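Report on the following structure.
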Amino acid sequence: MKRTRPKKLERAMPQEVTRYIKREVERELWAQSAGRCQIGGCNRILYKSPLTQERLNISQRAHIYSFSKVGPRGRGPHSNDTRALNDIKNLMLVCRDCHVEIDQKKDGGRFQAALLLQWKREHEKRIAIVTSIDPIKKSTVVLYGASIGDEKSVLQANHASQALFPEWYPADEIPICLEMSWEGKDDQPGYWSMEDLNLEKGFDRLIRPRIAEGHHFSIFGFAPMPLLIRLGILFTDKIPSQVYQLRREPEQTWQWSDEQHRADYKINAPRSYRHPPALIISLSATIARHRVTSVLGENVSIWELTIEEPNNDFLKTREQLSKFRQTVRRLMVQIAAKHGNDTPLVIFPAMPVATAVELGRVRMPKAEMPWVIYDHNNKTGAFVKALEIGGKSNE
């Protein structure tokens, strides 16, 4: 007669733990990670080769608390309930390189359980936010990054894409780049005409077809002011778009602040309107009036758009940018009323990137007076004529 083990004794004996992970757990792990490595800063796609792009599974399942008693980070709170080691809460979907990195030291090194759990939460939260966005909230990311003097572009596709969430999400994994490959500098002959032509051709080739398809656009720029204004003119305010500003404090980001920030724009009109008009835009820095008269002469009526304390990091919110657009529209009406729509307006800008693009977007091609845009040259220290908009030139 076959003897059976008493039930009480059976429950008291430790259960054997295997590395087998249930299929439903693995499916959930793939879903929560969206098929990307969950280690902070990696985000590698795990369902295709990074070299050949062929479809294959390069994922590995990493334990946060170790499967082995002597493994990295130990078994922690699961020492008395080893069945939980293969639970979804203790697993991360990772690439091989990251798996080796987090497990290379016996005690886990700097990759302690608290850090891995934090990365898992942050990754899964991001995926949840992205997948919950309304499908109509797709936006085509546009990067325009011509050089500024000797400075190189700070635009990075992943930073730009992150700035869209949670209101929007990128329509494509790869953004549209209008950045040119020419190595010209803004103090060289032909720079402005070459940059302007390159921008217009790139816009016609890459942007206009998507405009016809009804795309929404998210615009990120890092370029000289005249070219950013020109980019805004090409987009106009009739094309659904949003413009972003790089903020450097308290940390560098393209995301708009949710806090309240004042933006008390001031319009300073000239004493007399009998001379041709010039507009100083003193937002990121103050432009002294003698710098305008040194270029245009004394017979000029100088308007000014400014704030109480111009600085290069004042623009932090969408509301401030919206108020800028409203102020500019009102200002252009005032200038045209005093000087006439056929009189060229000479513009001297010192302004944040986003305001430069929006200055161009609010321009009304058929109703606006011609613009002559100047730019500060770092080598000469003076303003030089950059672009002419309207009049006999192309819009």
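Worth pointing out:
- Subset of the stretch 41-71 [hydrophobic (A, V, I, L, M, F, W, C) and out of contact with any His (no Cβ under 8 Å at 6 or more places or on another chain)]: C42, I45, L46, L51, L56, I58, I64, F67, V70
- One residue alone among I302, I280, I335, I287 is buried (at least 20 other Cβ atoms within 10 Å of the Cβ), touching a Leu at 6+ places or on another chain (Cβ under 7 Å) and at pLDDT 95 or above, and that residue is I335.
- Filter pass, K316 being basic (K, R), at pLDDT below 95 and either surrounded by fewer than 18 Cβ atoms within 10 Å (Cβ to Cβ) or under 29 Å from the mean Cα position of the chain (by Cα) (or both): yes
- Count of residues meeting criterion [within 19 Å of G232 (Cα to Cα) and surrounded by fewer than 21 Cβ atoms within 10 Å (Cβ to Cβ)] in the stretch 376-388: 2
- Residues in the stretch 209-233 that are over 17 Å from G360 (Cα atoms) and part of a helix (DSSP H, G or I): P209, R210, I211, A212.
For every residue, the table says whether it meets (1) among the acidic types (D, E); (2) under 28 Å from S49 (Cα atoms); (3) loosely packed, with under 13 Cβ neighbours inside 10 Å.
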| position | (1), (2), (3) |
| --- | --- |
| H63 | no, yes, no |
| P77 | no, no, yes |
| I88 | no, yes, no |
| C98 | no, yes, no |
| D103 | yes, yes, no |
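- Any hit, the stretch 311-328, residues being touching a residue at least 12 places away in the same chain (Cβ under 8 Å), over 24 Å from L246 (Cα atoms), of a type in the set (D, E, K, R) and outside the structural domain of L197 (by TED's automatic domain parsing): no
- From the options H339, H290, H261, residue that is without any contact (Cβ under 8 Å) to a residue 12 or more places away in the chain and of a type outside the set (S, T, Y): H290
The values are calculated or read from the model by the stated rules, or taken from the named source; none is laboratory data. Since the model is a prediction, treat every value here as computed from it, not as a measurement. Positions of Cβ are generated from backbone atoms using ideal geometry, with glycine treated the same way; all protein chains shown enter the neighbour counts.
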